[in-house]
């Protein structure tokens, strides 16, 4: 496997002028996406739906691959310029079928937002090999999808946006036991590993794709109470300070429009032209997390290490049997 050695983008703020409370409307003001095509996984609920609305509102054609197609069609039915197709990221056969249908359309892709995901679910095994569901869905499904769609992504010189989380602070890649086969399952460690994988995926995709004009970014959208928390009991949400005893959401949480802003900014902003391979938060490139820092700010060094990113790519290609760069 080879890739360009062009200097990488520094992992430091660029002074975008936006912040934690910026909305999708703010970051898209003055942006015309007419003639562009975006693929937004899970683009029918939570941050994905806000991303779909924002991109379509700016003129893009948006393809929404959805596990629950009927739910998706109802959710986006009133949004002009949006189409829905079937896709289950936990099923590599479903990923292949969606990709083949899209490839048959002959269209180029300008934006990919790998938004769909699950968080802190009970131990669940998927696929013939019994993969851990969070790693399989959040990372391996998107890995296979982007590789299978590589031709139209490259033709479009696309931006590929990998929606990670501050949760990546919870775990590096568990190289010796990625699928939690050797001990007690920890739903938050599994989530953390999957979110670290999302960051590493963007690092290596950017290295592989930049000569084709494809740039990749990852991000933390912020804390937002969406359907993603469906596996978290109310008592745990109270304990974590997400809601109070009366169900009121913490003031520190963003609205969905604010939460989707960073992924929309990463997908469209001219401020990022010529850049890539970095982790973003609050509509700017994030700073590296200081060693031992407990504030959960910025990005951990293990999540942006190019050697670790290349290793994960090789592991993921082996598991999925898909690699557009071989």
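Which one of the conditions (1) touching a strand residue (DSSP E or B) at 6+ places or on another chain (Cβ under 6 Å); (2) surrounded by 15 or more Cβ atoms within 10 Å (Cβ to Cβ); (3) farther than 23 Å from residue 196 by Cβ does residue 83 fail to meet, given that it meets all the rest?
Every listed condition holds for residue 83 apart from (2).
Restricting to the stretch 109-124, count the residues that are surrounded by fewer than 23 Cβ atoms within 10 Å (Cβ to Cβ), in contact (Cβ under 8 Å) with a residue 60 or more places away in the chain and within 23 Å of residue 44 (Cβ to Cβ).
Looking only at that region, the number is 4.
(1) over 26 Å from residue 211 (Cβ atoms); (2) in contact (Cβ under 8 Å) with a residue 40 or more places away in the chain; (3) touching a helix residue (DSSP H, G or I) at 6+ places or on another chain (Cβ under 9 Å): which one isn't true of residue 127, the others all being true?
(2)
How many residues are without any contact (Cβ under 8 Å) to a residue 60 or more places away in the chain and more than 12 Å from residue 79 (Cβ to Cβ) if we restrict to the stretch 32-54?
Of the residues in the stretch 32-54, 3 are without any contact (Cβ under 8 Å) to a residue 60 or more places away in the chain and more than 12 Å from residue 79 (Cβ to Cβ).
Can you go through 166, 148 and tell me which one is closer than 23 Å to residue 268 by Cα, touching a strand residue (DSSP E or B) at 6+ places or on another chain (Cβ under 8 Å) and surrounded by fewer than 24 Cβ atoms within 10 Å (Cβ to Cβ)?
Answer to the check: 166.
Take the residues in the stretch 205-249 that are over 24 Å from residue 283 (Cα atoms) and modelled with pLDDT of 80 or more, then tell me which one is surrounded by the most Cβ atoms within 10 Å (Cβ to Cβ).
208
So which residues in the stretch 86-108 are under 23 Å from residue 46 (Cα atoms) and either in a helix (DSSP H, G or I) or touching a helix residue (DSSP H, G or I) at 6+ places or on another chain (Cβ under 6 Å) (or both)?
86, 87, 88, 89, 90, 94, 95, 98
Regarding residue 202, is this residue assigned to a helix (DSSP H, G or I), modelled with pLDDT of 70 or more and in contact with a strand residue (DSSP E or B) (Cβ under 6 Å, 6 or more places away or on another chain)?
yes
Return the only residue of 277, 182 being in contact with a strand residue (DSSP E or B) (Cβ under 9 Å, 6 or more places away or on another chain) and either surrounded by fewer than 18 Cβ atoms within 10 Å (Cβ to Cβ) or at pLDDT 95 or above (or both).
277
Working only within the stretch 298-320, note down all residues that are in contact (Cβ under 8 Å) with a residue 60 or more places away in the chain, surrounded by fewer than 18 Cβ atoms within 10 Å (Cβ to Cβ) and either touching a strand residue (DSSP E or B) at 6+ places or on another chain (Cβ under 9 Å) or not in a helix (DSSP H, G or I) (or both).
Result: 305, single match.
The values are calculated or read from the model by the stated rules, or taken from the named source; none is laboratory data. Values in this document were obtained by computation on a predicted structure and should not be read as measured data. Here Cβ is always computed from backbone atoms with ideal geometry, including for glycine, and neighbour counts include all displayed protein chains.
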